[in-house]
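**Student:** The structure is given below, and queries will be raised subsequently.
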Amino acid sequence: MSRNGQLQAELLASEMRYRRLFESARDGILVLDAVNQKITDTNPLMVELLGSSRDEILGKELWEIGLFKNKDESRDAFRELLEKGSLHYKDLPLETKAGKLREVEFISNVYLEGMCQVIQCNIRDITERKLAEEARDQLTQNAAQLAQIAGKAARLGGWTIQLPERTLIWSDENCAIHDLPPGYKPTLEEGIGYFPPEYRDQVIRYVEACAQDGTPYDFELPKYTARGRLIWVRSIGEAMRDNEGRIIGIQGAFQDITVRKQVEAEKEKLINELQNALAEVKTLREFLPICSYCKKVRDDENYWSQMESYLSKHTHTKFSHGICPECYEMEVTPQLEKRSSERLLISKR
């Protein structure tokens, strides 16, 4: 085979390879004439994406197939393309023949084909990816909202200390716990200063150990708010590290546990009162010696006393006196009748 024939064969093979790549590409491809901006070729995926036939696409400008809003916008893009040699839109709306909107990434380059300038546009359908990103963003937003709601319900706020500057940053809920407006930025000294003086050194030791050695901490202490209210808080802190393991900050959470502490204190008070009451109760003997006639009780010292006196002494029980119906009939009624009869006899005399 002659040299010319070999070159022709290589050129044909190259064109066939390009055509196979062109036809099987997973991006839509459009080839345009750089002079009149008309589409001269398209691959099957672009036909599928637009929902149009190949013949309906060839000979059209980009704005006529739904890639730009109008002719002016399309030609402005071409002007920029010819000036820069390439054009890239990360997010470009595309309207299909059926009127459906798709989101596409659009990359366009100018190159020479022989002596003519040719434009190749690669169009990638990113609609599903955009929907997934929007769904993820929505989930992130919902999670953030739920976290905010949960933080308010649990009186839980977040904070960070950036090192080495020791810049303290509070979440809005943490500001609310301290009776401060959202977005307030206290200094580290101010944040520690809200603790009562007798606890500040203890808090500083926790922070320093975490900042220097990464020692986490979890403590519960009383704390004043900006308005002077005394509350109880639980503080949790842990070190933040970079990719090389160096400590670059501390992060953690504050929780207002005042209500829990109040409930615990009330519970402890009730327990103490109950224990004191039980300690004061004196146990009675299993058998009590009691008189069969007068019903007096004999105590440990062999003295006889009234039943209620004995019980009051040993149990601190107080008594009130009354008459039961049976005793009233047996004791009180006969006496009343006797007195009534006596008064009647006196009146007859």
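**Student:** Once phi is turned into θ = phi - 60°, what whole-Hz ³J(HN,Hα) does the Karplus curve with 6.51, -1.76 and 1.60 give for every residue of the stretch 158-166, x standing for Gly and Pro?
**Tutor:** Working through the residues one at a time gives x, 7, 9, 10, 7, 10, x, 5, 6 Hz.
**Student:** List the lysines whose Cα lies under 21 Å from the Cα of Lys338, skipping any in the same chain that are fewer than 8 positions away.
**Tutor:** Candidates past the 8-residue exclusion: Lys348.
**Student:** Residues with beta-carbon under 12 Å from that of Tyr89, excluding Tyr89: net charge, scoring Lys, Arg +1 and Asp, Glu -1?
**Tutor:** Result for the neighbourhood of Tyr89: -3.
**Student:** Next question, about the same structure. Checking the a/c ratio against 1.5 first, then a/b against b/c, what shape does the Cα gyration tensor give for the stretch 29-73?
**Tutor:** Cα axes put the stretch 29-73 in the oblate bin.
**Student:** Also: What shape does the stretch 154-203 take by its C-alpha gyration tensor, where a ≥ b ≥ c are the square roots of the eigenvalues and a/c under 1.5 counts as rounded, a/b above b/c as prolate, and the rest as oblate?
**Tutor:** It is oblate, given that a/c is not under 1.5 and a/b is not larger than b/c.
**Student:** Using 30 Å as the Cα-Cα cut-off, could you pick out the over-long pairs in Lys269/Lys296; Lys38/Lys84; Lys261/Lys313; Lys71/Lys130?
**Tutor:** Lys269/Lys296; Lys261/Lys313
**Student:** If I model a spin label at Arg124 and Ala209 as a point 7 Å from the Cα along the Cα→Cβ vector, what separation in nanometres do I get?
**Tutor:** Output for this residue pair reads 5.2 nm.
**Student:** Still on this structure: What ranking of Ser312, Ser74, Ser341 comes out by heavy-atom accessible area, probe 1.4 Å, highest first?
**Tutor:** If we order Ser312, Ser74, Ser341 from most to least accessible, we get Ser341, Ser312, Ser74.
**Student:** Here is a further query. Each residue of the stretch 260-267 in order: what ³J(HN,Hα) in whole Hz does its phi give by Karplus 6.51 cos²θ - 1.76 cosθ + 1.60, θ = phi - 60°, with x for Gly and Pro?
**Tutor:** Each residue's phi maps through the Karplus curve to give 4, 5, 5, 5, 5, 5, 5, 5 Hz.
**Student:** What residues have an amide H closer than 5 Å to that of Asp27, excluding those fewer than 5 places away on the same chain, when H is modeled at 1.01 Å from N in the peptide plane?
**Tutor:** Hits under the 5 Å cutoff: none.
**Student:** Using the Karplus equation 6.51 cos²θ - 1.76 cosθ + 1.60 (θ = phi - 60°), what ³J(HN,Hα) coupling, rounded to whole Hz, does each residue of the stretch 252-259 give in order, writing x for Gly and Pro?
**Tutor:** Coupling constants for the stretch 252-259: x, 9, 10, 10, 6, 10, 4, 4 Hz.
**Student:** Of Tyr224, Tyr310, Tyr293, which has the most accessible area with a 1.4 Å probe, and how do the rest follow in descending order?
**Tutor:** Tyr293, Tyr224, Tyr310
**Student:** Can you list residues whose amide H is under 5 Å from Val104's amide H, if they're 5+ apart or on another chain and H is modeled 1.01 Å from N?
**Tutor:** The answer is Leu92, Leu94, Ile126.
**Student:** Could you tally the net charge around Lys185, taking each other residue with its Cβ under 14 Å from the Cβ of Lys185, Lys/Arg +1 and Asp/Glu -1?
**Tutor:** -3
**Student:** Please give the solvent-accessible surface of Lys100 in Å², to the nearest 10, using a probe radius of 1.4 Å with every protein chain present.
**Tutor:** Counting only protein heavy atoms, the figure is 140 Å².
**Student:** OK, next. Sorted by accessible area (1.4 Å probe), largest first, how do Phe319, Phe106 line up?
**Tutor:** Phe319, Phe106
The values are calculated or read from the model by the stated rules, or taken from the named source; none is laboratory data. Computed from a prediction, not measured in an experiment: that's the story for all the values here. Note that we place each Cβ from the backbone using ideal geometry, even for glycine, and neighbour counts take in every protein chain shown. Ligands, DNA and RNA are excluded from the accessible area calculation, which covers all protein heavy atoms including side chains. Shrake-Rupley method; radii C 1.70, N 1.55, O 1.52, S 1.80 Å.
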